[in-house]
Amino acid sequence: MADLPMDLLKDLGSRGLISQISSEDEFKSHLVSAQRTLYSGFDPTADSLHIGHLVPLLALRRFQLVGHKPLALVGGATGLIGDPSFKSAERQLNTADVVSGWVAKLQGQLEQYLDFNCGENSAVVVNNLEWTGRLSALEFLRDIGKHFSVNSMIQKESVRQRLEREGSGISFTEFSYMILQSYDFAELYKRYGCTLQIGGSDQWGNITGGIDLARRMHQGHVYGLTLPLVTKADGQKFGKTESGTIWLDPNKTSPYYFYQFWLGTADADVYKFLKYFTFMAPEEIDEIEQADLSSGKRPQAQSVLAEAVTKLVHGEQGLSAAVRISSSLFSGDLLELTEADFDQLCLDGLPATDIAGTSLSLVEALVSTGLAMSNRAAREFVEAGAVYVNGRKVENLDARIGLEDSLYGRYIVLKRGKKLFHLMRLT
RNA sequence: GGAGGGGUUCCCGAGUGGCUAAAGGGAUCAGACUGUAAAUCUGACGCGCGAGCUUCGGUGGUUCGAAUCCACCCCCCUCCA
């Protein structure tokens, strides 16, 4: 990380991490002339951050690494309202209790990625409930709302769809979200001298709202920078798989699965993702790309990416666990694993289920381990030759598995399809 | 408050009394080919081994038979006030 270029904006630019910048030239000289304070907001919409949050979070870190002071804002207040930006439908409100529980979890996660003990530019985690929570309706309307023109608010691209599309709509609650986020920026300017907000490009409307408000309320001159939304070459949504979102919380997405997710990155995306999600120098990434192109073999970039991001999120231990499981399952011979290896795989996060009884049908096993949604589906998988027991393909619908199939008298590895493994423990 | 439009299987979206578990597309899954990639091809895609069963916002009706007709209710959208 020491080799991070001093010219931060140039680095961000060559990573493709800059989408929009307000008052660009002015901002550039602002940024290089002194240590600045910046922030990015994270709303509690679930009990964990997911990989989509990594881009702004790492961007905060990138700023910190060159000496700026990052504020990570948790939206204890805004999370109660719901950001309508580019959302096609109104969202269900969560209860205050639920949201405050999520706030606590997010705070813990945010702390992992920033340095809170580096003197002047130590990071700070803030919660907008602190200032928004005690705002009265009259204060909100008189002191803040007065600065906003509805005319300009309805022009925002981010709510256009909701306003114009037949069959859609937007509540006053969500429509007001922008005002709250704008107020955050103004307030952080006042409290911390924060002069920059970063966020995904979908946040541009909310950010510019804050820039205007900081000027109107405090005569502050502040800036906004947006990061690109992560897109995939095949047009699919980034960060979602068949089994759902890729979370940062190891209890929601195991390090093993997390590692596998990155390993499966398409060639068309992998170099871009290296630039987005790692601190490797762009030149170094370009070199990997060149090497992969000329090797004519399977590219290395995916493993580099998977290792870097898994290590960043789950640490050295999480990474080695993920690699250990992956190599036993995909390249090792299962029969060569020792009993201790199996115990370790369980601890490492290989999905496992305890099965009572000495013998059950393969179809039942597939369903009870969740490898198949229903008996019908399970049969289909077996008939299609998609099911392996301890590495051996089984196509017999009536097959039973039990003690005699187990390794060390209790372990059976089921595989469905090319990548999905599940460990059964007989009890 | 008034008038009109709408709620269909993961999503979009056909379907207005039986031929409809419900067209088509997307997503997803599996197989083949590969590199745990992409593209392509093949197949699956409510549940059930099966006879069959349970679905089309909810409840209750009409009918031999309803996603389709009727009543009431809930939710969404548009316009008017």
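The values are calculated or read from the model by the stated rules, or taken from the named source; none is laboratory data. Only a predicted model underlies this, so the values are computations on that prediction, with no experimental measurement involved. FYI the Cβ positions are ideal-geometry reconstructions off the backbone, even for glycines, and counts take in every protein chain you see. Calculation scope for accessible area: heavy atoms of the full protein, side chains included, ligands and nucleic acids excluded. Shrake-Rupley method; radii C 1.70, N 1.55, O 1.52, S 1.80 Å.
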Give the number of residues within the range A:313-326 that are modelled with pLDDT under 95 and surrounded by fewer than 18 Cβ atoms within 10 Å (Cβ to Cβ). 3
Of the residues A:187, A:174, which single one is touching a Pro at 6+ places or on another chain (Cβ under 9 Å), in a helix (DSSP H, G or I) and open to solvent by less than 70 Å² (accessible area, probe 1.4 Å)? A:174
Return the pairs, sorted by first residue and then second, in which the second residue is away from RNA strand B (no atom under 11 Å from the Cβ), the first residue lies in the range A:146-170 and is on the phi > 0 side of the Ramachandran plot, the beta carbons are less than 8 Å apart, and the residues are 6+ apart or on different chains. none
Would you mind stating whether residue A:275 is among the basic types (Lys, Arg) and at pLDDT 95 or above? yes
Subset tally (residues that are in a helix (DSSP H, G or I), out of contact with any Asp or Glu (no Cβ under 7 Å at 6 or more places or on another chain) and farther than 19 Å from residue A:131 by Cβ) for the range A:63-100: 4
Residue A:38 meets each of (1) open to solvent by 60 Å² or more (accessible area, probe 1.4 Å); (2) part of a strand (DSSP E or B) with one exception, condition (1)
Of all residues in the range A:117-154 being surrounded by 13 or more Cβ atoms within 10 Å (Cβ to Cβ) and assigned to a loop (DSSP other than H, G, I, E, B), which is modelled with the lowest pLDDT? A:154
Would you point out the residue of the range A:288-312, among those that are over 29 Å from residue A:253 (Cα atoms) and either surrounded by 12 or more Cβ atoms within 10 Å (Cβ to Cβ) or in contact (Cβ under 8 Å) with a residue 12 or more places away in the chain (or both), that is farthest from RNA strand B (Cβ to nearest atom)? A:291
Determine, yes or no, whether residue A:282 is open to solvent by less than 40 Å² (accessible area, probe 1.4 Å), more than 9 Å from RNA strand B (Cβ to nearest atom) and either outside the structural domain of residue A:109 (by TED's automatic domain parsing) or not basic (Lys, Arg) (or both). yes
Are there helices (runs of 4 or more DSSP H) fully within the range A:279-369 with at least 1 residues that are touching a Phe, Trp or Tyr at 6+ places or on another chain (Cβ under 6 Å)? List them. A:282-295, A:301-326, A:339-348
Evaluate the following for residue A:377: is it open to solvent by less than 20 Å² (accessible area, probe 1.4 Å) and either outside the structural domain of residue A:328 (by TED's automatic domain parsing) or in contact (Cβ under 8 Å) with a residue 24 or more places away in the chain (or both)? no
Mind listing whichever residues of the range A:155-167 are surrounded by 14 or more Cβ atoms within 10 Å (Cβ to Cβ) and either charged (D, E, K, R) or not in a helix (DSSP H, G or I) (or both)? A:156, A:162
Residue in the range A:211-220 that is assigned to a loop (DSSP other than H, G, I, E, B), closer than 27 Å to residue A:8 by Cβ, free of Cβ contacts under 8 Å to residues at least 60 places away in the same chain and not assigned by TED's automatic domain parsing to the domain that holds residue A:194 present: no
Taking residue A:420 as the residue in question, decide whether it is surrounded by 12 or more Cβ atoms within 10 Å (Cβ to Cβ), at pLDDT below 95, within 8 Å of RNA strand B (Cβ to nearest atom) and not assigned by TED's automatic domain parsing to the domain that holds residue A:326. yes
Pick from the range A:388-406, criterion away from RNA strand B (no atom under 15 Å from the Cβ) and buried (at least 16 other Cβ atoms within 10 Å of the Cβ), ranking: farthest from residue A:337 (Cα to Cα): A:401
For the range A:340-353, state whether one or more residues are assigned by TED's automatic domain parsing to the domain that holds residue A:421, open to solvent by less than 60 Å² (accessible area, probe 1.4 Å), within 10 Å of RNA strand B (Cβ to nearest atom) and within 24 Å of residue A:253 (Cβ to Cβ). no
